[in-house]
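A short write-up of the structure that comes next.
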Amino acid sequence: MKDFIYSYPTKVYFGEKAAQKALPIELETIGKTIMVAYGGGSVKKNGVYDEICGYLKETGKEIVDFSGIMPNPTYKKVQEGAVLARKKGVSFILAIGGGSVIDCCKIIAAQAVNDQDIWEMEFKNHKYPKEFLPMGAIVTASGTGAEMNNGAVITNEDIKEKAGVLGAYASFAVLDPGYTMSLPKKQVISGAFDTLSHSMETYLGSPRDVNLSDEIGEAVMRNVIRNIRILLKDMENKEARTELMWASAMAENGILKIGKVTDFQVHHIEHQLGAYTDCNHGQGLAVIHPVLYRHMYQDSVKQFARLAEKVWEIKTEEKTPEELALAGIEALAGFVKEIGLPSTLTEMGITDKSVLKKVADTCNLTAGCCKKFSREEILQILEECW
Ligand code: NZQ
Ligand code: ZN
């Protein structure tokens with residue numbers, strides 16, 4: 001295990017009526033003008049917006065409404081939010097939504113108090129913002145765990161890059177599983193697969209000998225697989241959504257990453273696929289994972305074999321470590337089909353094959369991955385995903 005320092009800046013209020021418990025305490029110490037940021041309107045339809053604004057008004061806050069944050073949030077939307085926050089003198093940002101809304105707010109929080117363009121600061125000057133407007137997150141779609149970290153995945157459409165930008169941490173997060181009950185099945189499943197992906201990509205990082213973080217990760221992965229299966233039989237099962245909501249946070253609150261360098265090669269490919277096609281994140285991951293892993297397992301047979309045994313519960317019997325590793329990858333591919341996620345890019349509705357080379361040429365190649373992929377092999381993988 002690598003040396004580490006662990007501390008966490010986000011206070012979590014979890015469970016029924018968590019917002020009612022959290023807001024009076026958390027709002028007491030913040031300024032009067034709150035930006036309430038949300039997406040395309042789901043939070044208005046399911047009543048969450050009215051409930052939260054009710055609490056804000058009870059404590060005498062003034063609301064600055066910022067709506068229309070799209071899935072795969074754009075850098076333009078970030079700038080629009082930052083301009084509004086400055087103009088209205090916003091003192092606190094409250095994100096209500098899934099990963100897209102929360103991520104957009106993390107960078108609004110940075111840009112609103114920094115004169116330099118944040119993208120330029122981070123990607124050209126390799127400096128990171130130190131000042132932020134404070135923010136909180138009310139989670140309505142679980143899976144990304146975005147409420148638990150300060151990395152925001154933002155699409156810069158002008159340069160066709162979907163990249164991780166460092167922004168603000170939410171000082172508190174409200175995780176009320178009841179808020180996710182209106183989430184459509186497709187998003188519930190793709191979000192939960194995202195959590196599984198985060199756990200796998202952490203597990204398969206380095207060092208490659210099992211440590212406590214990996215053993216906790218195995219439990220998270222088994223939990224996600226089990227609860228997705230429960231939901232497939234009964235989408236209204238609140239206990240399963242509750243488990244998935246905490247699993248989502250667990251995969252991104254740093255605990256599984258303690259002592260590790262993570263892999264996240266699948267994510268980096270998927271993000272660039274998103275930059276070119278605006279595809280659904282969890283679906284993109286589902287397509288790429290098994291294909292990439294067939295190219296990767298021989299460089300870390302022991303880890304893949306353990307994943308097969310401990311997570312996919314495959315009996316070792318007479319299998320060689322290679323056979324076991326491969327059986328685990330095929331179990332993952334079978335699971336993707338079982339839960340109704342796409343197995344090919346065409347199934348996802350992607351029609352322009354010319355994007356594959358652009359994705360292969362522009363995605364990050366990650367340091368924690370057991371295999372150093374060439375761009376040619378990434379292209380081959382993407383072609384096998386077609
Ligand atoms: O926009 P509205 O109308 O709110 O609808 C949203 C959106 O269409 C809907 N939704 C959310 N809560 C709902 C609901 N519909 C009904 N009832 C509710 N309670 O769900 C749709 C998808 O929302 P979105 O926020 O885009 O989904 P998700 O949470 O999967 O976030 C995806 C984004 O997060 C990034 C992804 O790349 C993508 O941009 N990620 C962020 C990460 C992070 N910050 O740690 C890690 C991830 O790996 C990921 O990359
Ligand atoms: Zn993800």
In what sequence, largest accessible area first, do Glu215, Glu270, Glu28, Glu236 appear using a 1.4 Å probe? Glu28, Glu236, Glu215, Glu270
Cα axis of helix 18-28 to longest principal axis of the chain: angle in degrees, 0 to 90, nearest 10? 50 degrees
At 0.36 nm per residue, and after removing the present C-alpha to C-alpha distance, how many nm does the segment from Phe4 to Lys17 gain when stretched out fully? 1.2 nm
Students often get this wrong: which residues of the range 94-122 have the backbone nitrogen under 13 Å from the point 7 angstrom along Cα-to-C-beta of Ile159? 117-122
Per-residue accessible area for Asp361 at 1.4 Å probe radius, Å² rounded to 10? 70 Å²
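Can you bin the chain into rounded, prolate or oblate? Criterion: square roots of the alpha carbon gyration tensor eigenvalues sorted a ≥ b ≥ c, rounded for a/c under 1.5, prolate for a/b above b/c, oblate for the rest.
prolate
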Taking a ≥ b ≥ c as the square roots of the Cα gyration tensor eigenvalues, with a/c under 1.5 meaning rounded and otherwise prolate when a/b beats b/c, else oblate, which class fits the range 150-296? rounded
Please give the residues of the range 150-170, grouped as numeric ranges, whose backbone N is less than 18 Å from a label point set 7 Å along the Cα-to-Cβ vector of Lys76. 154-163
Gain upon complete extension [Asp278, Lys185; 0.36 nm per residue less C-alpha separation]: 31.5 nm
Value at 222 nm in deg cm²/dmol, rounded to 500, when DSSP H runs of n ≥ 4 in the chain each add -39,500 (n - 2.57): -15000 deg cm²/dmol
Local electrostatic count at Leu341 - Lys and Arg +1, Asp and Glu -1, tallied over other residues with Cβ under 15 Å: 0
Globularity ratio of the range 244-382, using Cα Rg and 2.2 N^0.38 Å: 1.08
Inter-centroid distance (Cα atoms) of the range 306-361 relative to the range 23-91, Å: 39 Å
Tilt, helix 238-252 to longest principal axis of the chain (alpha-carbon atoms), in degrees rounded to tens, equals 80 degrees
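Which of the chymotrypsin sites (Phe, Trp or Tyr not before Pro) found in the range 1-105 are loop residues per DSSP with 16 or fewer other Cβ atoms within 10 Å of their Cβ?
Answer in residue order: Phe4, Tyr6.
Would you work out if the range 6-109 is rounded, prolate or oblate? Take a ≥ b ≥ c from the square roots of the eigenvalues of the alpha-carbon gyration tensor; rounded if a/c is under 1.5, else prolate when a/b is larger than b/c, oblate otherwise.
Note, shape of the range 6-109 comes out rounded.
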How long are the semi-axes of the ellipsoid equivalent to the range 11-180, from square roots of 5 times the Cα gyration tensor eigenvalues, in whole Å, largest first? 25, 17, 14
Relative to the longest principal axis of the chain, what angle (0 to 90°, nearest 10) does the C-alpha long axis of helix 321-338 take? 50 degrees
Give the residue list of trypsin sites (Lys or Arg not before Pro) in the range 283-367 that are DSSP loop and have at most 13 other beta-carbon atoms within 10 angstrom. Lys315, Lys353
With labels modelled as points extended 7 Å from the Cα through the Cβ direction, what inter-label distance (nm, one decimal) is found for Lys87 paired with Lys57? 2.4 nm
Once phi is turned into ³J(HN,Hα) by the Karplus curve 6.51 cos²θ - 1.76 cosθ + 1.60 with θ = phi - 60°, what whole-Hz value does each residue of the range 36-44 show in order, with x for glycine and proline? 9, 10, 7, x, x, x, 4, 6, 7
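The values are calculated or read from the model by the stated rules, or taken from the named source; none is laboratory data. What you are looking at is a predicted structure, and each value in this text was computed from that prediction instead of being measured. Heads up, the Cβs are rebuilt from the backbone with ideal geometry, glycines too, and the neighbour counts pull from every protein chain shown. Please note that ligands, DNA and RNA were not included when accessible areas were found on the heavy atoms of the full protein model with its side chains. Shrake-Rupley method; radii C 1.70, N 1.55, O 1.52, S 1.80 Å.
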